[in-house]
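> First the structure, which I've put down as C-alpha cells, then a few questions once you've had a look.
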Amino acid sequence: MAKREMKLAYVMLLPTFAIVLAIVMGPLLANFWISFKPVQLGDLRPASLITNERLRGDAENAGDAVAIEYRIRNSSRDDTIAGAGFTDTLPEGLTPTALDERCTVSGQFLTCELGDIEGGFRDRIRIEATVEPSYLENALNPRDSRPVITGTADNVLTNFEFSLENFRRVFSSSEFWHVLRVSMYYTIFGTAGALVLGLFAAQLLNTTFAGRGFLRGLFLFPYVAPVIAVAFTWVVLLDPFSGTLNSILQQIGFIDSPVNFFGERAVTINLFGLQFDFPVALSTVIAFEAWRYFPLSFLFILARMQSISSEMYEAAEIDGATPLQQFWYLSLPQLAGILAVLFLLRFIWTFNKFDDIFLLTGGAAGTRTLTVDVYEQAFAVSNLGAGAAVAVVVFIVLLTFSLLFFTFSPKDEA
Amino acid sequence: MTRPGIGFIAAVVSGGIWGACWMIVISVIFMLVSGAITRPPVGIALLAGVASAAVLAATMPSQRTPGIQIASIAAIIVLLGGLTLGAPLGLPLSQVPLYQLVAIAILIVLIWISNRLVIGDLSGGSLPRYQLELMFIRMMKGLGFVVFTVIVALPFYVMVMTSLKSQQSLLANPLDFSIDLSQGAESLFRSYIELFTQFRFGTFLINSAIVSVATVIITLAFSIPGAYAVSRLRFPGQAFLSRSILLIYMVPAIVLVIPLYAVFSQIGLRNTLTGLMVVYPATTIPVALYMLQGYFRGLPAELEEAGLMDGLTRVGVILKITLPLSLPALASVALYVFMIAWNEFLFAFMFLDNIDIFTLSRGVVSLNSSEVPRQHLMAGAVVATVPVLFIFLWFERFLVSGLTAGSVKG
C-alpha cells in the first residue's frame, strides 16, 4: 500500500519535474556553462554550407545542352567546415554529360564531396547535361529538389574549450561595482518602500466604511496592470517636456523648471550647508517599484490584520493604551511574521527584477542594475558569454542572500 | 468657548494641512478637467483651513450647533474669497465659470468636512495623550486616503486620457485633458481605431489570449496532481518538496533567458508561440503547486478517506471530492497564472520577432518609438490593461481569499 502510494506520488509529480528540469534547472546549469565560453550572439548559428542552384542554358528541345550550376559558400568568414558536401536529386530527363571532379552521379543522384573548407570559401560547381524528352514533358525545375547539406563545424557552445575571459572582463570593468551598488540601493529601498506603503494602505482599509471594496480594488490596480502599460504611463506622465506631473508641480510652484525624472543622473542638493548628490533617476525607478508592488504587501498585511482578534485591542483600550501604542505594541508584533516573509520575498523578487528598469530608463542615467547589465552585455553588446557571466553573479548574490535570510530568520514564520 | 490648549493647536495645524491639500488636489483636477491654467493660491487655502478649524475647535464639542458649522464654512469662504480678491482658484471667476463654481463649492465642503471629521467630538482645550493621538491618526488616515487615491488613480487617468488626445494638444498644454465630445466618436477614438486597423492589435490580442489561456490550462494540469501528491501522499522527499518548491520561483528569469534563447534558437522554438507556452508554465507551475498544496492540506482528509472506503480510486477521489471542494483555490490560481502570463514581458520581448505572433506586451513595446505618437502608445497600454483588469475585478474575491488563504498561515 505504502509502496503503491509512493509510486503514485512520483507519477503525479513527474510532469512537474520534467518541465521544471527542462526550463528552469537545465538553463540554470547551461548558464554556468555559457559563462565560461567566449560566445557571441552570432555564434548561435554554427558555420554551414550554403548552396544556390540554378539552370544555365535553354532547355527547349530534346538534345539541348544545359548546365546545372551550384554556387556554394561557407556561411562563416572564420570557421572551417569539416567534411563539407551535399547531395541532390537531378530532375528526371537531364542526363549528366560532364561532371565537376568533386562530384559523382549514380542514376539521378548527385553527390559532391568538398572536403574541409575554410571560412569565407566560395566556389561554383557545374554539372553539364543534355535534355531528354521526358524532362520537357514533366516541366521540372532543378530547384524543386533542395540539396541536402553535409558537414560539421565546430560549435563553440558545445565544444570543451573554456575560458575565464568573461569573468575577467566583468570584474575588471570599472562599471561593475557601480552596477552592483545601484542594484543594492534599488533592491533595499524598493522593498522597504513597497512594504511601508503596503502597511500604511492596510491600516487605512482595516476599518469598514462605504466604498471600502472599491478602494481595495483600486489600490490593487498597479500590481494587476501589465508592466509595459504602467511603465510607459509613468514615462509619459513624468516626461520633462509634455509630462503632466512636471506641469502640475510647476503650477503649484513646487519646482521652477521641469525635472527630467528618468534622464537626470543626479542633482546637487544644498541642505543646511551640507551638499550631497541626490540620484534623481534612481530614486524615480525606486518610487515606481514601491508604487507598483505595494498592493501585494498591502493584500497580505490586510489579511493578517483581519485575523488578529479584536479582544486584544479591547483589553488594551481598557488598560488605557493610546492608538499609537496599540499599533506599536500590539499590531506590529502580530505583523512581524508576515512582514518578515514579505520582506524576504520582495527583496528577492526586486533583486531579480528586469522589466521595470529596462522599460523606464533602459539602464541609463545611473539606474543600471545587474539584471539590466545581463541584457546589455548579452544582447546589446552581443556578447552572450559576458551576459551569462553577469547572470552567474546575479545568481550567486541571490543565493547568498537566501542562505543568510534562512539562517537568521526565525523558523516558525515560513 | 474653551480655553485654547494643545487640542486647539493640533486642530489648527490639521486645518492648515487640509486647506493646502484640498486646494492642490481640487485645482489640479479642475485644470485636468476644464483645460484652464491656474496657479492655485495654496497659502491662502492653508489660512482658510486654519480659520475653519479654529472656529470649530474654539467651541465646546457640545456647543457646536449648526450655526457654528455655518460659521466654520463662512470662515473658509471669506478668507478664500477675500484674500484672493475674488479669485479663489487663482483665476477670475468669469473664466470657465461653471467648472470654477463647482470646484470651489467642492473645495469648501471638503475642507470643512475634513476639519469636522478630524476634530470630531474632541475639544480644543488641553487634551490627554489618547485623544491627541486620535486626532493625529484621523488626520493621517484622511491624508492617506487622499494620497493613495491620487497616486494610484492619476497614472491610470493620464493613460486613458492621453490615448484620447492628440500629440499637438498635449505638447501645447500637458495639463489639458478636457474631452471635446463634439468631435464625434470616430475622432475621439482615432488612436484605438488605428491600432486595430494599422497596427494589428486585434492579432496581438488573440495571441495574448491564446498564450495566457494555454498557460493556465497547462499549469493546472501539471500542478493539480503535483500539489495533491505533495499534500496527501506519503513518499520520501515529501516534506522537502513541499518546502522547497517555491525556491524554483526565486530563480531570476534573466538568468534563464540567455540559455533558453541559445537553445530555442537552435531547435527552432524561439520565434514561436509554442516556445512561450513552454516557458510560461514552467515558471508558474511551482507557485501554483505551492498555493494549491496549502489549500489541499486545509481540506478535511476524512472526506477523502470516506471516498476511498466507498471504493473510489485515488483518481476518483481527486476528481469527485478534492477538486469540487477546491474550486475557489483553483479559480484564484488560474486567475493569478493568467495575470502572470498576460503581463509577461521579458520572454515575449526576447523571443518574438515575427509581427504575426506578437503578444500584447511585445506589441506595445513596438509602439515605443519616436515615429509613433504618444496617444497610440497609451491606447496600446489601455488595450493591454483593460482585459486583465476586467477579469481581475470580476474574480477579485477569489484571488484575494485564495492568495492569502493558501500561503499565509501564522
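The numbers here are math on the coordinates, done by the rules we state, and not lab data. None of these values were measured; they are calculated from a predicted model. Neighbour counts run over all protein chains shown; Cβ positions are idealised from the backbone, glycine included.
> For A:PHE160 and A:PHE17, what is the calculated FRET efficiency with R₀ set at 25 Å and r taken between the beta-carbons, to the nearest 0.05? Before the final figure, lay out each step's value.
Numbers: r = 28 Å, r/R0 = 1.14.
Computed FRET efficiency for A:PHE160 and A:PHE17 comes out at 0.30.
> Mean-square fluctuation check for chain A, GNM, Cα pairs under 10 Å: which of A:VAL280, A:VAL182, A:VAL267 is largest?
A:VAL267
> Largest first, please: the extent of the C-alpha atoms of chain A along each principal axis, to the nearest Å.
Largest first, chain A extends 113, 75, 47 Å along its Cα principal axes.
> Now a separate question. Could you list A:MET305, A:MET12 in order of exposure, starting from the residue whose Cβ has the fewest other Cβ atoms within 10 Å? Don't skip to the end; give the middle numbers.
On the way: A:MET305 17, A:MET12 23.
Sorted ascending by nearby Cβ count, the order is A:MET305, A:MET12.
> Kirkwood Rh, chain B, all Cα pairs: how many Å?
Details: mean 1/r = 0.0381 Å⁻¹.
Taking every pair of different Cα atoms in chain B, averaging 1/r and inverting gives 26.2 Å.
> While we're looking at this one, here's another question. Suppose every K and R has +1 on its Cβ and every D and E has -1 on its Cβ; what is the size of the dipole of the protein assembly as shown about the Cα centre, in Debye to the nearest 20?
Details: 49 positive and 55 negative charges, 582 e Å.
In debye, rounded to 20, the protein assembly as shown gives about 2800.
> Summing Lys, Arg as +1 and Asp, Glu as -1, what charge do residues with Cβ under 14 Å from the Cβ of A:VAL392 carry, A:VAL392 excluded? Intermediate results must be reported in sequence, preceding the final value.
Numbers: positive: A:LYS37, A:ARG168, A:ARG169; negative: A:GLU165, A:ASP373.
Net charge in that neighbourhood comes out at +1.
> Further question: For every other residue with a beta carbon closer than 15 angstrom to the beta carbon of B:SER166, add +1 if it is Lys or Arg and -1 if Asp or Glu, then tell me the sum.
Numbers: positive: B:LYS165, B:ARG190, B:ARG374; negative: B:ASP176, B:ASP180, B:GLU186, B:GLU194.
Charge balance in the 15 Å sphere: -1.
> Taking neighbour Cβ counts within 10 Å as the exposure measure, how do B:GLU396, A:GLU118, B:GLU302 sort from fewest upward? Walk me through the intermediate numbers first.
Values: B:GLU396 17, A:GLU118 12, B:GLU302 8.
In order of increasing Cβ crowding within 10 Å: B:GLU302, A:GLU118, B:GLU396.
> If packing is taken as the average count of other Cβ atoms within 10 Å, what order do A:76-85, B:285-294 fall into, highest mean first? Present the calculation step by step, with values, prior to reporting the outcome.
Working: A:76-85: 16.9, B:285-294: 25.1.
Result, highest mean Cβ count within 10 Å first: B:285-294, A:76-85.
> If one computes the Cα centroid of the stretch A:346-414 and of the stretch B:276-295, what distance in Å separates the two points?
22 Å
> Then there is this: Across all directions of projection, what mean area in square nanometres is found for the Cα convex hull of the stretch A:68-117?
Working: hull surface 15.3 nm².
Average of the hull's projected areas for the stretch A:68-117 equals 3.8 nm².
> Can you tell me, using C-alpha contacts under 8 Å and at least 6 residues apart, the relative contact order of chain B as a whole percent?
18 percent
> Still on this structure: Between the stretch A:72-91 and the stretch B:353-379, what is the separation of their alpha carbon centroids in Å?
40 Å
> If pairing requires two Cys Cβ atoms under 4.7 Å apart, which cysteines of the protein assembly as shown are left without a partner?
Here B:CYS21 come out as lacking a disulfide-compatible partner, given the Cβ-Cβ threshold of under 4.7 Å.
> How high is the relative contact order of the stretch A:167-413? Use alpha-carbon pairs under 8 Å, at least six apart in sequence, and give a whole percent. Don't skip to the answer; put the middle values down first.
Details: 267 pairs, mean separation 70.0, N = 247.
Computed over the stretch A:167-413, the figure is 28 percent.
> Taking a quarter of the surface of the Cα convex hull of the stretch B:333-396, what do you get in nm²?
On the way: hull surface 19.7 nm².
Taking the Cα atoms of the stretch B:333-396, their convex hull projects to 4.9 nm² on average.
> What shape does the stretch B:6-182 take by its C-alpha gyration tensor, where a ≥ b ≥ c are the square roots of the eigenvalues and a/c under 1.5 counts as rounded, a/b above b/c as prolate, and the rest as oblate? Intermediate results must be reported in sequence, preceding the final value.
Values: a/c = 3.03, a/b = 1.83, b/c = 1.66.
In terms of gyration-tensor shape, prolate.
> Give me the inter-chain shielding for B:145-156: mean count of other chain Cβ atoms within 10 Å, whole number please. It would help to have the intermediate numbers written out before the result.
Details: counts 6, 0, 4, 10, 4, 0, 7, 10, 2, 5, 14, 7.
Going residue by residue through B:145-156 and averaging, the value is 6.
> What order, most packed first, do the peptides A:64-73, A:234-243 have when packing is the mean number of other Cβ atoms within 10 Å of each residue? List each step's numbers first, then the result.
Details: A:64-73: 17.4, A:234-243: 19.9.
So the order, starting with the most tightly packed, is A:234-243, A:64-73.
> Within the stretch A:136-237, which GluC sites (Glu not before Pro) sit in a loop by DSSP and count at most 11 neighbouring Cβ atoms inside 10 Å? Spell out each step's value before the answer.
Details: sites: A:GLU137, A:GLU161, A:GLU165, A:GLU175; in loops: A:GLU161.
Taking the stretch A:136-237 and a limit of 11 other Cβ atoms within 10 Å, the loop GluC sites (Glu not before Pro) found are A:GLU161.
> Let me ask something else. In debye, nearest 20: dipole of the stretch B:194-407 around its Cα centre with unit charges on the Cβ of K, R (+) and D, E (-)?
Details: 11 positive and 10 negative charges, 62 e Å.
Magnitude of the dipole: close to 300 debye.
> How big is the stretch A:47-153 by the Kirkwood estimate over distinct Cα pairs, in Å? Walk me through the intermediate numbers first.
Working: mean 1/r = 0.0703 Å⁻¹.
For the stretch A:47-153, inverting the mean 1/r across all distinct Cα pairs yields 14.2 Å.
> Moving on. For B:ALA301 and B:SER62, compute 0.36 nm times the residue count separating them, minus their Cα-Cα distance, and round to one decimal in nm.
Values: separation 239, 0.36 × 239 = 86.04 nm, distance 6.00 nm.
Taking B:ALA301 through B:SER62 to full extension adds about 80.0 nm, to one decimal.
> Next up: State the volume of the convex hull built on the alpha-carbon positions of the stretch B:194-407, expressed per residue in Å³ and rounded to an integer. Provide the component values of the computation, followed by the final result.
Working: hull volume 30.5 nm³, N = 214.
Enclosed volume per residue, from the Cα hull, is 142 Å³.
> Hey, another quick one. Counting only other chains, what is the mean number of Cβ atoms within 10 angstrom of the Cβ of each residue in peptide B:243-252? Provide the component values of the computation, followed by the final result.
Values: counts 1, 0, 3, 2, 3, 5, 5, 10, 9, 14.
Average per residue, whole number: 5.
> I want to check the label-to-label distance for A:GLU311 and A:ARG124. Put each point 7 Å from Cα in the C-beta direction and report it in nm to one decimal.
With each label point 7 Å from Cα toward Cβ, the separation is 9.7 nm.
> Putting +1 on Lys and Arg Cβ atoms and -1 on Asp and Glu Cβ atoms, find which of B:SER223, B:ALA75, B:GLN183 reaches farthest to the positive end of the dipole of the protein assembly as shown.
Sorting the options by dipole projection puts first B:ALA75.
> I would also like to ask the following. So if the hydrodynamic radius of the protein assembly as shown is defined as the Kirkwood radius over C-alpha pairs, what does Stokes-Einstein give as its diffusion coefficient at 4 °C and 1.567 mPa s, in µm² per second? Intermediate values should be presented prior to the final figure.
Working: Rh = 31.5 Å.
Diffusion coefficient, whole number: 41 µm²/s.
> For Cα pairs less than 8 Å apart in space and 6+ apart in sequence, what is the mean separation divided by the residue count of chain A, i.e. the relative contact order in percent? Please list the in-between numbers first.
Working: 609 pairs, mean separation 78.4, N = 414.
Taking the mean separation of contacting Cα pairs over the length of chain A, I get 19 percent.
> Now, a different point. Excluding A:ILE357 itself, what net charge comes from residues whose Cβ is under 9 Å from its Cβ, given Lys and Arg +1 and Asp and Glu -1?
Values: positive: A:LYS353, A:ARG368; negative: A:GLU289, A:ASP355, A:ASP356.
That sum, taken over residues with Cβ under 9 Å, equals -1.
> May I pose another question? With +1 on each Lys and Arg Cβ and -1 on each Asp and Glu Cβ, and nothing else charged, work out how big the dipole of chain B is about its Cα centre, in Debye to the nearest 20.
Values: 21 positive and 15 negative charges, 170 e Å.
It comes to approximately 820 debye.
> To continue, here is another question. In peptide A:196-205, how many Cβ atoms from other protein chains are near each Cβ within 10 Å, on average? Display every interim value, and only then the final one.
Working: counts 0, 4, 0, 0, 5, 5, 0, 4, 9, 3.
The shielding value for this peptide is 3.
> Could you state the number of Å between the C-alpha centres of the stretch B:202-265 and the stretch A:275-316?
If we compute the Cα centre of each part, the gap is 28 Å.
> Now for a different question. Using helices alone, I'd like the mean residue ellipticity at 222 nm for chain B: each DSSP H run of four-plus residues gives -39500 (n - 2.57), total over residue count, nearest 500.
Details: 18 runs with 302 residues, N = 410.
So the helix-based figure for chain B works out to -24500 deg cm²/dmol.
> Span-like helices, chain A: DSSP H, alpha-carbon axial extent 27 Å or more, mean Kyte-Doolittle -0.5 or greater, which ones? Walk me through the numbers before you get to the answer.
Working: long enough: A:174-204 (46 Å, 1.01); A:280-306 (38 Å, 1.14); A:332-352 (29 Å, 1.57); A:384-408 (36 Å, 2.51).
Those that pass (Cα extent of 27 Å or more, hydropathy at least -0.5) are A:174-204, A:280-306, A:332-352, A:384-408.
> Under 20 Å between alpha carbons, and skipping anything fewer than 8 positions from B:LYS141 in its own chain: which aspartates and glutamates qualify?
A:GLU317, B:ASP121, B:GLU133
> Would you work out which of B:GLY125, B:SER27, B:LEU85 lies farthest towards the positive end of the dipole of chain B? Charges go on Cβ: Lys and Arg +1, Asp and Glu -1.
Farthest towards the positive pole: B:GLY125.
> So which residue, out of A:LEU99, A:LEU335, A:LEU164, gets the largest mean-square fluctuation from a GNM of chain A using Cα contacts under 10 Å as springs?
A:LEU99
> Here is a follow-up. Which peptide among A:270-278, B:316-324, A:189-197 comes first, and what is the full order, when sorted by highest mean count of other Cβ atoms within 10 Å?
Answer by packing, highest mean first, reads A:189-197, B:316-324, A:270-278.
> May I ask you to sort B:HIS376, A:HIS178 by Cβ crowding, counting other Cβ atoms within 10 Å and putting the fewest first?
Listed from fewest to most nearby Cβ atoms, that is A:HIS178, B:HIS376.
> Which percent of the Cα-Cα distances in the stretch A:167-413 go past 32 Å?
Above the 32 Å cut-off, the stretch A:167-413 has 34 percent of its Cα pairs.
> Using 5 Å bins from zero, what percent of all Cα-Cα pairs in the stretch B:257-327 falls into each bin?
Percent of pairs per bin, in order: 3, 13, 17, 13, 10, 9, 8, 11, 8, 5, 1.
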